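Reading through the structure tokens given below for one structure.
The values are calculated or read from the model by the stated rules, or taken from the named source; none is laboratory data. Because the structure is predicted, anything quoted here is derived from the model rather than measured. Here the Cβ positions follow ideal geometry from the backbone for every residue, glycine too, while neighbour counts run over all protein chains shown.
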Amino acid sequence: MKDAFGKAIESATVTVVGTNLSTSTDIDGFYKLKIDSKQNLKIEVTSVGYITQNVSLKSNETYKDFQLKKDDHMLEIVNVKGQTGNQKKSQRNKKIRIQCECC
């Protein structure tokens, strides 16, 4: 698994849609899934900072390579402030809203 520049994507998740079969890519972008199926399958590939990709894997295919595209709408920095310790009960259950200022 690589990005648009040919760089390996580590820790991307490869999942067989509709099952609990999944794995992650290694440091070189390689993955391995053992699938005992004679049917066509849908594969979903996700990685933080990249657009999720869904592809079909035909029953006669034993290998599928992916090239993920960067997600341009990802935030570069997220600041989170919090408080612990002697908070009043009403302060612990407050709802917060996170807003993107870049879009």
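Counting just the residues of the stretch 1-17 that are assigned to a strand (DSSP E or B) and touching a residue at least 24 places away in the same chain (Cβ under 8 Å), which one comes out nearest to the chain's Cα centre (by Cα)? So that I can check it myself, show each step before the final result.
So the first thing to find is which residues in the stretch 1-17 are assigned to a strand (DSSP E or B), and the list is 2-3, 8, 13-16.
Filter once more, so that each one left must be touching a residue at least 24 places away in the same chain (Cβ under 8 Å): 2-3, 13-16.
Details: 2: 14, 3: 13, 13: 6, 14: 8, 15: 10, 16: 13 Å.
Among those residues, the one meeting the criterion is 13.
So that you can scan it fast, the table gives a plain yes or no per residue for (1) modelled with pLDDT of 85 or more; (2) in a loop (DSSP other than H, G, I, E, B); (3) touching a His at 6+ places or on another chain (Cβ under 8 Å):
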| residue | (1), (2), (3) |
| --- | --- |
| 19 | yes, yes, no |
| 30 | yes, yes, no |
| 33 | yes, yes, no |
| 56 | yes, no, no |
| 63 | no, yes, no |
| 94 | no, yes, no |
| 98 | no, yes, no |
| 101 | no, yes, no |
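Looking at the structure I just gave you, is residue 60 among the polar types (S, T, N, Q), farther than 11 Å from residue 12 by Cα and touching a residue at least 12 places away in the same chain (Cβ under 8 Å)?
Values: among the polar types (S, T, N, Q): yes; farther than 11 Å from residue 12 by Cα: yes; touching a residue at least 12 places away in the same chain (Cβ under 8 Å): no.
When the stated conditions are applied, residue 60 does not pass them.
Restricted to the stretch 1-14, and to residues that are among the small types (Gly, Ala, Ser) and loosely packed, with under 14 Cβ neighbours inside 10 Å, which residue is modelled with the lowest pLDDT? Quick ask: steps written out before the conclusion?
Taking the stretch 1-14 as the starting set, the residues that turn out to be among the small types (Gly, Ala, Ser) are 4, 6, 8, 11-12.
Narrowing the set further to residues that are loosely packed, with under 14 Cβ neighbours inside 10 Å leaves 4, 6, 11.
Details: 4: 88, 6: 91, 11: 95.
Residue satisfying both the conditions and the ranking: 4.
Within the stretch 15-57, the set of residues being more than 23 Å from residue 4 (Cα to Cα) and exposed (fewer than 10 other Cβ atoms within 10 Å of the Cβ) comprises 18, 20, 34, 36, 38, 39. Go through the stretch 32-50 and count every residue that is under 14 Å from the mean Cα position of the chain (by Cα), free of Cβ contacts under 8 Å to residues at least 40 places away in the same chain and under 15 Å from residue 63 (Cα atoms). Residues that pass the stated criteria total 2.
Residues in the stretch 8-38 that are of a type outside the set (Asp, Glu) and under 14 Å from residue 65 (Cβ atoms): 8, 9, 12, 14, 25, 29, 30, 31, 32, 33.
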